[in-house]
Structure formats: structure tokens, C-alpha cells
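Asks: Sharing a structure here in C-alpha cells format.
The values are calculated or read from the model by the stated rules, or taken from the named source; none is laboratory data. Keep in mind that this is a model prediction, so the values were computed, not measured. Every residue, glycine among them, receives a Cβ derived from its backbone with ideal geometry; neighbour counts consider all protein chains shown.
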Amino acid sequence: MPQPKRYPTNAKKQAAYRRRRKTETQAQFDAQYLPPLPTVDGMPGTVRWRRAIQLAQQLISTVQQEMDDYYDSRSEQWQESERGEEFQERKQAVENALQELDDLAISY
């Protein structure tokens, strides 16, 4: 006796497959970068939090380097213009965020 169909159409079957693949891929991605939380609810996830802060530092550091390169590659006229000064302010905000993350990482 044949098994009953789980999905009425191929489109629904493919959609379910895509959902499963997306969930599995996301789980693999999450596991790759962050350690799991402790199994006991009352224990802090310090190791996981420390790793998350390190990843944030790496990401912000990359943004800072790219912004520095972009700013340095622009003309002196652009750097002194209003847009250049606004960009410099945003760049300073990124540097401040990186400094805050560095301070936070030291406390962990």
C-alpha cells in the first residue's frame, strides 16, 4: 500500500524543503560563531556573551578601517566640505563605539 502524500502539490513540497534548509543553515551559522548557552537557566552565558562582544568588535573595526580608507581616498576639497565634515563626525561615532566595546571586553 503506498504512503499518503504529505504535501498536496510540488510547490508546497519545495516550500517546505526551503524552510527546512533555511532553518538548518541558520542553525549551523549560529553554532559556528557563538558557543551555546549553558543548559542550566540560572547560569550566566558569560562565554557566549564574551564571544558576541568579540564578534561585534571585529565588525566595527572593519567598518572603521573601511571608513578611514574611504575618507583618505577623497580629495582635500571634499574632506574640508560640509559632507566631509559630516562623514568625519560619523566616523568619530564609529570610533567611539569601538572604544566602548574595547572597554566592555576588558571588563569581561
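Asks: How many residues does segment 41-69 hold that are within 23 Å of the chain's Cα centre (by Cα) and either farther than 29 Å from Ile106 by Cβ or outside any helix (DSSP H, G or I) (or both)?
Replies: The qualifying residues number 2.
Asks: Val40: aliphatic (A, V, I, L, M) and in contact with a Pro (Cβ under 7 Å, 6 or more places away or on another chain), yes or no?
Replies: no
Asks: In segment 5-44, what residues are at pLDDT 80 or above, surrounded by 10 or more Cβ atoms within 10 Å (Cβ to Cβ) and among the hydrophobic types (A, V, I, L, M, F, W, C)?
Replies: Listed by number, the residues that qualify are Ala15, Ala16.
Asks: If I go through segment 70-79 residue by residue, how many of them are surrounded by fewer than 11 Cβ atoms within 10 Å (Cβ to Cβ) and either assigned to a helix (DSSP H, G or I) or in contact with a Phe, Trp or Tyr (Cβ under 7 Å, 6 or more places away or on another chain) (or both)?
Replies: 4
Asks: I would also like to ask the following. Determine which member of the set Tyr33, Tyr7, Tyr17 is in contact with a helix residue (DSSP H, G or I) (Cβ under 7 Å, 6 or more places away or on another chain) and over 30 Å from Glu95 (Cβ atoms).
Replies: Result of the check over Tyr33, Tyr7, Tyr17: Tyr7.
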